[in-house]
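Each remark here refers to the structure printed beneath this line.
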């Protein structure tokens, strides 16, 4: 199914090859896993399989890449899309239409599949992923995990021979991840589907793959059967942790909470998502929010900063009510990192991403981002340059200071976005899936940083499906479900 021969690829304007002399073969019907550090070439390799690399990305490719006997460079993505189903790391950026069923049908319409067969395939794909109840929902109202399942359903509806998945469980709760992997295994067994799956959370996926390809700096470090590969994985890649005990709202404390929610109700277009939420978070405290996909975790963070309308209840941030305030004003006290870091990246360099936030925070509002995007903005002070350089170093991004952020790996973009919201040193930090796209080493590097910030009195509220992260950083765990909580 896959035959890569001495493939080397460098992105346009790239300083170093993203793939280096890759030789790799996968038989039809295999279930193969890919792992490696952030920036090691995993996503590039997957995009090569359907011709997005190099047809969409440009750059220089040498060697030969054959998929199902077709030269991907010669035939391109239009032809390869009939054979290869591809699901990106960021499913929210992959959707084209506004409703679930229409999105699943979109690829079929482009291939001129007859209407009756199209309806049957859409029904089948929705059923495979357990999405029947979401058929008519607006995609932008779905949770990140639900959007991820929609993207997979859209790929499966095309009935590809090869399914290439880039971190498909990164936004799924453990139960949903197990369900998805079981579905993929069943399709592999029943339909002869070839599955290539890139993932950092190996404890979830190792039982499903037959082989593990480990990439390092664009090269094949090893390609081994799972049991042999386990012995070669870097330290920390297989660790598991126990969660702290879930508790209710803190007892009597004399210090003022950084975050206070009272009987909070919020949702979209009259559809309730949060129902009766009460919560307190104190200085120096880290609270992890867990729950199934669609339980309202991301909605909770958006409601706090004013991005989702509140139907009743009250919110205080740093002792001030949020009612009637603009999101930009709230975010001066509460730094908010959304699930998709691309939402925060629009500058030309990583250092400039931090600089624009610093300017918006320190200059008068009328001299904010419009001046920065225009000509003749005020030069940064020596203090600002020093703070930006220090934070880039702290986040392990110094060598990417002058890099274009959207050319970085998903994990590197995540850290740039974190720097952009943390450069103002907010008292409260709201993080939505902050380790998405990070390898274990990169994730581990963030923990001492967050602990230093907590020790300085910052509060941390993080939404995550990463149980090991919650176990290592959180003082308390809040479990959200579809019923009123406290």
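Exactly one residue out of 472, 479 is surrounded by fewer than 21 Cβ atoms within 10 Å (Cβ to Cβ), touching a residue at least 12 places away in the same chain (Cβ under 8 Å) and not in a helix (DSSP H, G or I): that is 479. Every residue in the stretch 83-100 that is under 17 Å from residue 172 (Cβ atoms), at pLDDT 90 or above and in a loop (DSSP other than H, G, I, E, B), please. Once the filter is applied, which keeps residues that are under 17 Å from residue 172 (Cβ atoms), at pLDDT 90 or above and in a loop (DSSP other than H, G, I, E, B), the stretch 83-100 yields nothing. Taking (1) over 30 Å from residue 72 (Cβ atoms); (2) modelled with pLDDT of 90 or more; (3) touching a strand residue (DSSP E or B) at 6+ places or on another chain (Cβ under 7 Å) in turn, residue 127 satisfies each apart from (3).
Residues of the stretch 107-140 that are crowded, with 18+ Cβ neighbours inside 10 Å and closer than 20 Å to residue 480 by Cβ: 134, 137. Of the residues making up the stretch 141-184, those that are surrounded by 19 or more Cβ atoms within 10 Å (Cβ to Cβ) and in a loop (DSSP other than H, G, I, E, B) are 142, 143, 158, 160, 167, 168, 169, 170, 171, 172, 173. Annotation note: of 353, 326, the sole residue that is over 26 Å from residue 480 (Cα atoms) and over 26 Å from the mean Cα position of the chain (by Cα) is 326.
Within the stretch 58-68, no residue satisfies the criterion of being loosely packed, with under 15 Cβ neighbours inside 10 Å and under 25 Å from residue 152 (Cβ atoms). Taken together, the criteria place residue 447 among residues that are more than 24 Å from residue 386 (Cβ to Cβ), outside the structural domain of residue 200 (by TED's automatic domain parsing) and out of contact with any strand residue (DSSP E or B) (no Cβ under 9 Å at 6 or more places or on another chain). Does residue 80 count as within 22 Å of residue 11 (Cα to Cα) and either without any contact (Cβ under 8 Å) to a residue 12 or more places away in the chain or surrounded by 16 or more Cβ atoms within 10 Å (Cβ to Cβ) (or both)? When the stated conditions are applied, residue 80 passes them. For the stretch 434-483, the set of residues classified as modelled with pLDDT under 85 and touching a helix residue (DSSP H, G or I) at 6+ places or on another chain (Cβ under 6 Å) consists of 437, 438, 442, listed by residue number. Going through (1) more than 25 Å from residue 218 (Cβ to Cβ); (2) loosely packed, with under 15 Cβ neighbours inside 10 Å one by one, residue 95 falls short only on (2). Given the structure, is residue 320 at pLDDT 90 or above and either surrounded by 13 or more Cβ atoms within 10 Å (Cβ to Cβ) or closer than 19 Å to residue 416 by Cα (or both)? Against the criterion (at pLDDT 90 or above and either surrounded by 13 or more Cβ atoms within 10 Å (Cβ to Cβ) or closer than 19 Å to residue 416 by Cα (or both)), residue 320 does not qualify. Based on what the data block shows, is residue 410 modelled with pLDDT under 90, in the same structural domain as residue 353 (by TED's automatic domain parsing) and surrounded by 21 or more Cβ atoms within 10 Å (Cβ to Cβ)? So residue 410 passes the test. When we screen 426, 405, 440 for residues that are buried (at least 18 other Cβ atoms within 10 Å of the Cβ), touching a strand residue (DSSP E or B) at 6+ places or on another chain (Cβ under 8 Å) and touching a residue at least 12 places away in the same chain (Cβ under 8 Å), the only hit is 426. If you go through the stretch 133-155 and pick out every residue that is more than 24 Å from residue 290 (Cα to Cα) and either in contact with a helix residue (DSSP H, G or I) (Cβ under 6 Å, 6 or more places away or on another chain) or not assigned by TED's automatic domain parsing to the domain that holds residue 172 (or both), you end up with 3. Taking the criterion of being surrounded by fewer than 22 Cβ atoms within 10 Å (Cβ to Cβ) and touching a helix residue (DSSP H, G or I) at 6+ places or on another chain (Cβ under 7 Å), the only residue of the stretch 323-337 that qualifies is 332. Checking each residue of the stretch 35-58 against the condition of being in contact with a strand residue (DSSP E or B) (Cβ under 7 Å, 6 or more places away or on another chain) and at positive phi gives at least one match. Restricting attention to the stretch 75-82, does a residue exist that is under 13 Å from residue 162 (Cα atoms) and either in contact with a helix residue (DSSP H, G or I) (Cβ under 8 Å, 6 or more places away or on another chain) or part of a helix (DSSP H, G or I) (or both)? Yes, that holds for at least one residue. Of the listed requirements (1) modelled with pLDDT of 80 or more; (2) under 24 Å from the mean Cα position of the chain (by Cα), residue 381 misses just one: (2). For residue 49, indicate whether it is surrounded by 17 or more Cβ atoms within 10 Å (Cβ to Cβ), within 21 Å of residue 210 (Cα to Cα), modelled with pLDDT of 95 or more and in contact with a helix residue (DSSP H, G or I) (Cβ under 8 Å, 6 or more places away or on another chain). It is true that residue 49 is surrounded by 17 or more Cβ atoms within 10 Å (Cβ to Cβ), within 21 Å of residue 210 (Cα to Cα), modelled with pLDDT of 95 or more and in contact with a helix residue (DSSP H, G or I) (Cβ under 8 Å, 6 or more places away or on another chain).
The values are calculated or read from the model by the stated rules, or taken from the named source; none is laboratory data. Predicted, not measured: the structure shown is a model, and the values here were computed from it. Note: ideal-geometry Cβ built from the backbone for every residue, glycine included; neighbour counts use all protein chains shown.
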